[in-house]
Amino acid sequence: MRDHSTKPGPEGPAPPVWTGRATNRMQWLPAVGGFACMALGILLAVESPWTSGIAPLLMAVIGCVAAGLLVLFGTLAFVHVAVRVDDRACEVRCGHIGVPRRRIPLSHVVGADFAPSVTPRQWGGWGYRWRPEKGTAVVVRRGEGLVLRLGDGRSFTVTVDDAESAVHAIRTLLHRTTPPSSPASAGPTGV
């Protein structure tokens with residue numbers, strides 16, 4: 001767990017914060033394809049080699065640009081993932097602009113587990129995934145991952161480097177925030 005608390009505040013030292021990342025450089029290849037598709041649309045609009053009318057040209061230009069933007073966003077959003085765990089929540093941000101983003105309050109987490117091998121094949125590909133029998137996942141690469149067990153019975157999985165230390169940090173924070181259970185009183189005492 002990375003402790004970023006250097007100065008104690010008025011309430012005492014700040015709680016520890018764990019941060020982690022995972023990167024998939026192979027996602028840049030489809031991004032280049034998306035850029036090429038956008039460039040083709042722009043080239044069609046500028047050069048205008050079609051003589052069959054404006055409607056087919058517009059459809060081709062809009063189709064190429066839209067497909068290129070879709071591919072670009074879909075790939076660049078999942079080039080990397082950043083995970084941040086503090087005493088309030090686990091936050092997952094994807095891509096360079098942090099979208100899609102998921103914030104899970106620790107009050108909704110009942111446990112955390114280490115997954116030694118998460119693969120895109122298990123989840124149906126890269127990206128933000130949902131499978132009814134498994135839950136939700138953010139998969140940017142194959143490898144170790146963090147699995148959060150949520151209070152509603154669902155799970156959330158994210159591939160992140162050093163997932164074991166994330167699990168340890170979350171378990172520590174869950175133990176800290178859980179009030180100790182007191183024995184149930186059987187009734188008034190001293191009667």
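The values are calculated or read from the model by the stated rules, or taken from the named source; none is laboratory data. Everything quoted here is computed from the prediction, not taken from an experiment. For neighbour counting, all protein chains shown are included, and Cβ atoms are generated from backbone atoms with ideal geometry for every residue, glycine included. Side chains are part of the model used for accessible areas, which takes the heavy atoms of the whole protein and leaves out ligands, DNA and RNA. Shrake-Rupley method; radii C 1.70, N 1.55, O 1.52, S 1.80 Å.
What ranking, highest mean first, results for peptides 109-122, 71-84 when packing means the other Cβ atoms within 10 Å averaged over each residue?
Per-residue mean Cβ counts within 10 Å order the peptides as 71-84, 109-122.
What is region 23-67 by shape, rounded, prolate or oblate, if you read a ≥ b ≥ c off the alpha carbon gyration tensor as root eigenvalues and call it rounded for a/c under 1.5, prolate for a/b larger than b/c, and oblate otherwise?
Judged from the Cα gyration tensor, region 23-67 comes out prolate (a/c at least 1.5, a/b above b/c).
Taking amide H positions as placed 1.01 Å from N in the peptide plane, with prolines and chain starts having none, which residues 5 or more places from D161, or on another chain, fall under 5 Å of its amide H?
R21, A22
Under the 0.36 nm per residue contour assumption, what length would be gained going from the current alpha-carbon distance of E47 and R21 to full extension?
Difference between extended and current length: 5.1 nm.
With a 1.4 Å probe and every protein chain left in place, work out the accessible area per residue of region 104-175 in Å², rounded to a whole number.
For region 104-175, the solvent-accessible area averages 49 Å² per residue.
In whole Hz, with x marking every Gly and Pro, tabulate ³J(HN,Hα) for region 130-138 from phi via Karplus 6.51 cos²θ - 1.76 cosθ + 1.60, θ = phi - 60°.
My calculation for region 130-138 gives 9, 9, x, 7, 10, x, 10, 8, 10 Hz in order.
Mind listing the long-range amide H neighbours of E144? Cut-off is under 5 Å, sequence gap 5 or more, other chains count too, H placed in the peptide plane at 1.01 Å from N.
For E144, the qualifying residues are V118.
Sorted by mean Cβ packing within 10 Å, highest first, what order do the peptides 52-61, 150-159 take?
150-159, 52-61
Using a 1.4 angstrom probe, figure out how much accessible area region 21-60 has per residue, in square angstrom, rounded to the nearest whole.
Each residue of region 21-60 exposes 71 Å² on average to a 1.4 Å probe.
How big is the equivalent ellipsoid of region 10-102 along its three axes, where each semi-axis is √(5λ) from the Cα gyration tensor, reported in whole Å from largest to smallest?
Its equivalent ellipsoid spans semi-axes of 44, 12, 8 Å.
How much of the accessible area of region 65-150, probe 1.4 Å, is carbon plus sulfur, in whole percent?
Exposed carbon and sulfur together represent 59 percent of the surface.
I'd like the accessible area for W28, computed on protein heavy atoms only with a 1.4 Å probe and all protein chains in place. Round to 10 Å², please.
110 Å²
Enumerate the amide H contacts of V17 below 5 Å, restricted to partners 5 or more residues apart or on another chain; note that Pro and chain-start residues carry no placed amide H.
Those lying under 5 Å, H to H, from V17 are H4, S5.
So which GluC sites (Glu not before Pro) in region 122-171 pass both tests, a DSSP loop state and at most 10 other Cβ atoms within 10 Å of the Cβ?
Listed in order of number, the matching sites are E133.
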